[in-house]
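Below: one structure, written as structure tokens.
The values are calculated or read from the model by the stated rules, or taken from the named source; none is laboratory data. What you see is a predicted model, and the numbers here were worked out from it, not measured in a lab. Note that we place each Cβ from the backbone using ideal geometry, even for glycine, and neighbour counts take in every protein chain shown.
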Amino acid sequence: MLLKKINRFWKNGLVTISRNLGRYLCAACILVLSGIAGCSNVPQTKIHIPENDSEELASKQNNSKEEQEQLEKGYNLPIDDGERKEAERDCKKVMDLISDIYKYAKKGETSNVVLSDDTVLKMQDKLKETRCPVTTAVTYSNMENCKDMEDFLKKCQGNKSSQKVIYEIRSDGGINRMKYIFNGTDMYVLSTSAIWDKENKPEITYSSYTRIKEWRYTKKGWFCYNLCVPDLPEVSEMVDGSYLVRVKPMNEQHREMSKKCVKGLGYQGHNLLNSDWDDKHMEKLDYKGMYRYLYEMKYQKEFPAESYPEGIPKKEFECVIMEYLPITAKQLQKYVTFDEGKQIYTWGEAGCFNYIPSFIGTSVPEVTKIKENKNGTVTLTVDAVCEMVLCDDAAITHELIIKFNKNGGFKYLGNKILENGIQNISANLNQIGD
């Protein structure tokens, strides 16, 4: 598409130049012939460029300059009409394939549709019949038909021109179609998005054509790239053009352990996974911050923060914390502000006044290695997969020590950040104040 646009630009430009050059040559011939005839008394012919041609030439020069500047920026690039129409047709065909699944799926009571993971994965299973690579927004899910995408990326690594279309199924049931185009030097992506309208019919929302500023295919099998995006002062706020796409399938055992032990925690609002600690240094942990996350892991439901305006009752707080950590009630009362009279642990929702998020805080913890120790504990090697800005499949790597119970439960016994990763963690990641 980019080459077509450039060729069309040069073609139009050369036509304009050749037309004006013809006028100049004709006028020059008249002067030469006059001189040869020796007509010294004949007034010399003046070359006159019609005003409208001058304006046309200036306009084309301005347009070409603007196009060149846009090409250099790399975003909002012109889209070939044929490519746009093909992308829109493909999106609607794919949406038609999953229309019945979407129509009969539970969509909740809110205006913003959020489908269950099972429904999204069912859609993915249907779309793999297209033989195109298909990915989803479901955490830890694999890409279907991933071999084609991996072959494409390996060609690109070898500086071979290639292109590949993949589809992403969003949590709202809509899709994104991404066509990656590599010309041997630069990679571009034509992105087209489709949603469902109120009548459950597919509707195209936008198409964009953008150059990829930088990209890599990691050993773990992640396609990481950063798009060219508007920068300050052109925009008032930072635009994040980073993307991560899992290509190689995730190990099934690693996936199950990730879901069970780290998915519910993450790296935001507490420091259980992003600090060094062990069972002999429990004072370092932010118990108030981690309570809501452990509560939701234990009861598999959202923590009702509005029900505890003053704090968490002693028994409730200790029940949750002591299930997942080797700590006593006496220690908790020492490390967390405790109101003896009301028998509550003071608690406050993390917000803009007591919590400053970092990019690592948006990461998703992913187990990449499982080691069984002789003392009966298990060491999980965990990578923080960070898409936002950092665009890294291992922004930090840490080892989490866990002790599993016979009933299927477990306790966290310690955590260690590897490879000086602690330096990558913002001091403002945790809640401030007690």
task = Report whether or not Lys126 is within 26 Å of Lys248 (Cα to Cα) and free of Cβ contacts under 8 Å to residues at least 40 places away in the same chain.
result = yes
Residues of the stretch 235-292 satisfying the condition of being of a type in the set (Val, Ile, Thr) and farther than 30 Å from Lys213 by Cα = Val262
note = Note on the stretch 156-185: residues under 30 Å from Gly264 (Cβ atoms) and in a loop (DSSP other than H, G, I, E, B) are Arg170, Ser171, Asp172, Gly173, Gly174
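Here is a list: Asn271, Asn251. Which entry is polar (S, T, N, Q) and at pLDDT 95 or above?
Details: Asn271 fails: at pLDDT 95 or above.
Just a single option satisfies the conditions, and that option is Asn251.
Do the conditions hold for Leu121, that is, is it in contact with a Ser or Thr (Cβ under 9 Å, 6 or more places away or on another chain) and either surrounded by 13 or more Cβ atoms within 10 Å (Cβ to Cβ) or at pLDDT 95 or above (or both)? Write out each step before concluding.
Working: in contact with a Ser or Thr (Cβ under 9 Å, 6 or more places away or on another chain): yes; either surrounded by 13 or more Cβ atoms within 10 Å (Cβ to Cβ) or at pLDDT 95 or above (or both): yes.
Yes; evaluated as a whole, the condition is true for this residue.
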ask   = When the residues of the stretch 48-93 are filtered to those that are at pLDDT 70 or above and not in a helix (DSSP H, G or I), which remaining residue is farthest from Thr210 (Cα to Cα)?
value = Asp80
ask   = Would you pick out the residues in the stretch 330-365 that are assigned to a loop (DSSP other than H, G, I, E, B), modelled with pLDDT of 75 or more and surrounded by fewer than 18 Cβ atoms within 10 Å (Cβ to Cβ)?
value = Thr337, Glu340, Gly341, Lys342, Gln343
request  = State all residues of the stretch 110-165 that are among the β-branched types (Val, Ile, Thr) and within 25 Å of Gly184 (Cα to Cα); if no residue qualifies, say none.
outcome  = Val134, Val165
query = Among (1) crowded, with 18+ Cβ neighbours inside 10 Å; (2) of a type in the set (D, E, K, R); (3) modelled with pLDDT under 95, which single condition is Asp434 missing?
reply = (1)
query = Quick one: how many residues across the stretch 136-159 are in contact with a Lys or Arg (Cβ under 7 Å, 6 or more places away or on another chain) and buried (at least 21 other Cβ atoms within 10 Å of the Cβ)?
reply = 4
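Regarding Ile327, is this residue at pLDDT 95 or above, in contact with an Asp or Glu (Cβ under 9 Å, 6 or more places away or on another chain) and β-branched (Val, Ile, Thr)? It would help to see each step written out before you state the result.
Numbers: at pLDDT 95 or above: yes; in contact with an Asp or Glu (Cβ under 9 Å, 6 or more places away or on another chain): yes; β-branched (Val, Ile, Thr): yes.
Spelling it out, Ile327 is indeed at pLDDT 95 or above, in contact with an Asp or Glu (Cβ under 9 Å, 6 or more places away or on another chain) and β-branched (Val, Ile, Thr).
Looking only at residues that are in a helix (DSSP H, G or I) and among the polar types (S, T, N, Q) in the stretch 101-155, which one is nearest to Asn183 (Cα to Cα)? Before the answer, list the steps.
Restricting attention to the stretch 101-155, the residues satisfying the condition of being in a helix (DSSP H, G or I) are 101-103, 117-130, 146-155.
The next check asks that each one be among the polar types (S, T, N, Q); those that pass are 119, 124, 130.
Numbers: Thr119: 37, Gln124: 29, Thr130: 25 Å.
The qualifying residue nearest to Asn183 (Cα to Cα) is Thr130.
Taking the stretch 230-258 on its own, how many of its residues are farther than 21 Å from Lys147 by Cβ and crowded, with 18+ Cβ neighbours inside 10 Å? Lay out the reasoning, then the answer.
Quick first cut of the stretch 230-258, residues farther than 21 Å from Lys147 by Cβ only: 230-242, 253, 256-258.
Subset that is crowded, with 18+ Cβ neighbours inside 10 Å: 241-242, 257-258.
Residues meeting the conditions: 4.
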query = Are any residues in the stretch 171-186 over 19 Å from Leu121 (Cα atoms) and surrounded by fewer than 19 Cβ atoms within 10 Å (Cβ to Cβ), and if so, which ones?
reply = Asn183, Gly184, Thr185, Asp186
query = Out of (1) farther than 30 Å from Ile401 by Cβ; (2) among the β-branched types (Val, Ile, Thr); (3) under 18 Å from the mean Cα position of the chain (by Cα), what's the single condition that is false for Ile204?
reply = (3)
